[in-house]
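Input: a single structure, listed below in structure tokens.
The values are calculated or read from the model by the stated rules, or taken from the named source; none is laboratory data. What you are looking at is a predicted structure, and each value in this text was computed from that prediction instead of being measured. Heads up, the Cβs are rebuilt from the backbone with ideal geometry, glycines too, and the neighbour counts pull from every protein chain shown. All accessible areas refer to the heavy atoms of the entire protein, side chains included, with ligands and DNA or RNA removed. Shrake-Rupley method; radii C 1.70, N 1.55, O 1.52, S 1.80 Å.
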Amino acid sequence: MEITSAAFRENAVAALSDPQLRRALANAGGGFVERRRQAVAALPEFERLRDEAKRIKDHALAHLDLYLEAYERNAEAAGGQVHWAETAADARAIVLAICRGAGARTVTKGKSMIAEEIAINAHLEAAGIVPVETDLGEYIIQLRGEGPSHIIAPAIHVNRDQIEAEFRRVHTHLPPERDLREPTSLLAEARGVLRQKFLAADVGITGANFLVAETGSSIIVTNEGNGDLSQTLPKVHIVLASIEKVVPTLEDAATLLRVLARSATGQDMSVYTTFSTGPRRPEDPDGPEAYHVVILDNGRSAMLGTAFQEMLRCIRCGACMDHCPVYHAVGGHAYGAPYVGPMGAVLDPALFGLERTKDLPNASTFCGRCESVCPVRIPLPNLMRHWREKEFERGLQPATQRFGLSLWAALARRPALYRAATALAARTLSGLSRR
């Protein structure tokens, strides 16, 4: 997707003046918060699981090269092919080459944030290949020509009337008099349309919540089953993942899955948790003939050994944005980048450059709710402060703001002068208020 984070302030103003968006965010956001609260309360060991999840991710990141090599070795031993992509352009080229090699005309896609990060849909379309999003929310925003506004609820900003309008605009082969007033009728129509896409697809693309070094497996979690259909029906399955998704063992993955679903949707486990290891074997009833895994760096290795390494623990649950007052005020599209909310405010500058995303770390009240609910205990407010410091060091702030901060710092180092200045300011404001 095009990065428009430089216009965050303008985007935020527009979002705040959009009454439909405000209603949609108000209606949807509270449900995630309450369901997570209930799920956590029902599991006494949840805080210990958070500690263990953090330990697993820290260990994997400390030995990332070893576990990535082990994953590659075991994935290829199972018949898969692993491709390494240093940049988004490299990843796009790899995916396109695989699709062309398969003679693909249609590609079905499960929800994948890496696909958004590398803008694979536009790249495939430019090459004459039709990508079809199969997650219901992703399908809706694809029809609208939008990116996701939330990691796990990509169409959280859209209401029922807008969905009906899009379906009537696009599904012109269906009777115009059909009744789409109920959400169930919208769901049934989407299923019917997408079923034909699943059957016609030559290639299926999914993301990966985790890559398991021990077995060479990729794991996806969904609540609709579209990920399973995207990876088992086409003759070629492509997994898009980033380097930090690798975990050492199946047992580690099981621990992370326990905190992921509870933090994301308030479920004990997602409806579908699917492990894929290589292509179809002779005794398998279904599955792809070829299994490819594209592992993306795109700036992540530069985060290792820095304060921002902690961000690589993220398991993409969305809890931080569910609890963020700024996100709930402006929504996801205001951020102008694939990753939104507090986690996006930290990750986007690392991936796309601070110069293009400098307003995002400033889009925070520092209330600390994001850190308090993060299942892997990422200190998000502290990392946003680090980006603010770098913004100041590089002179990216407006001159007036830099001057004001410099003046405040000079006064703060001189207590007597600071007290005199604040007293003068207080008297001045008091005098103005009496006028």
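For the range 19-48, name all the residues that are under 16 Å from residue 157 (Cβ atoms), surrounded by fewer than 16 Cβ atoms within 10 Å (Cβ to Cβ) and not aliphatic (A, V, I, L, M).
Correct list: 19, 20, 23, 27, 30, 31.
I'd like to check something: does the range 295-302 contain any residue that is of a type outside the set (Lys, Arg), part of a helix (DSSP H, G or I) and touching a helix residue (DSSP H, G or I) at 6+ places or on another chain (Cβ under 9 Å)?
Looking through the range 295-302, at least one residue is of a type outside the set (Lys, Arg), part of a helix (DSSP H, G or I) and touching a helix residue (DSSP H, G or I) at 6+ places or on another chain (Cβ under 9 Å).
Give me the residue from the range 157-184 that is open to solvent by less than 20 Å² (accessible area, probe 1.4 Å) and over 26 Å from the mean Cα position of the chain (by Cα) and, out of that set, nearest to residue 330 (Cα to Cα).
Result: 180.
Every residue in the range 247-280 that is of a type in the set (Lys, Arg) and without any contact (Cβ under 8 Å) to a residue 40 or more places away in the chain, please.
Across the range 247-280, the qualifying residue is only 280.
Yes/no matrix, rows are residues, columns are (1) assigned to a loop (DSSP other than H, G, I, E, B); (2) closer than 30 Å to residue 18 by Cα; (3) polar (S, T, N, Q):
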residue	(1), (2), (3)
311	no, no, no
316	yes, yes, no
329	no, yes, no
334	no, yes, no
342	no, yes, no
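Can you name the residue in the range 391-415 that is at pLDDT 85 or above and open to solvent by 70 Å² or more (accessible area, probe 1.4 Å) and, of all such residues, is nearest to residue 366 (Cα to Cα)?
392
When residue 307 is evaluated against the numbered criteria (1) of a type in the set (A, V, I, L, M); (2) without any contact (Cβ under 8 Å) to a residue 12 or more places away in the chain; (3) in contact with a helix residue (DSSP H, G or I) (Cβ under 8 Å, 6 or more places away or on another chain), which criterion, by number, is the only one it fails?
(2)
Taking the conditions exactly as written (over 29 Å from residue 66 (Cβ atoms), open to solvent by less than 10 Å² (accessible area, probe 1.4 Å) and not in a strand (DSSP E or B)), does residue 285 satisfy them or not?
For residue 285, the condition - over 29 Å from residue 66 (Cβ atoms), open to solvent by less than 10 Å² (accessible area, probe 1.4 Å) and not in a strand (DSSP E or B) - is not met.
Restricting to the range 1-18, give me the number of residues that are open to solvent by 80 Å² or more (accessible area, probe 1.4 Å) and farther than 30 Å from residue 376 by Cβ.
Total meeting the criteria: 5.
Under 7 Å between Cβ atoms, at least 6 apart or on separate chains: pull out the pairs that start in the range 357-371 with a residue that is farther than 14 Å from residue 394 by Cβ and in contact (Cβ under 8 Å) with a residue 12 or more places away in the chain and end on any residue that is of a type in the set (Asp, Glu) and surrounded by 23 or more Cβ atoms within 10 Å (Cβ to Cβ).
360/348
How many residues does the range 272-319 hold that are touching a Pro at 6+ places or on another chain (Cβ under 8 Å) and over 25 Å from residue 120 (Cβ atoms)?
So the count comes out to 2.
Which residue, of 141, 120, 152, is among the β-branched types (Val, Ile, Thr) and modelled with pLDDT under 95?
Criteria check complete, one pass: 152.
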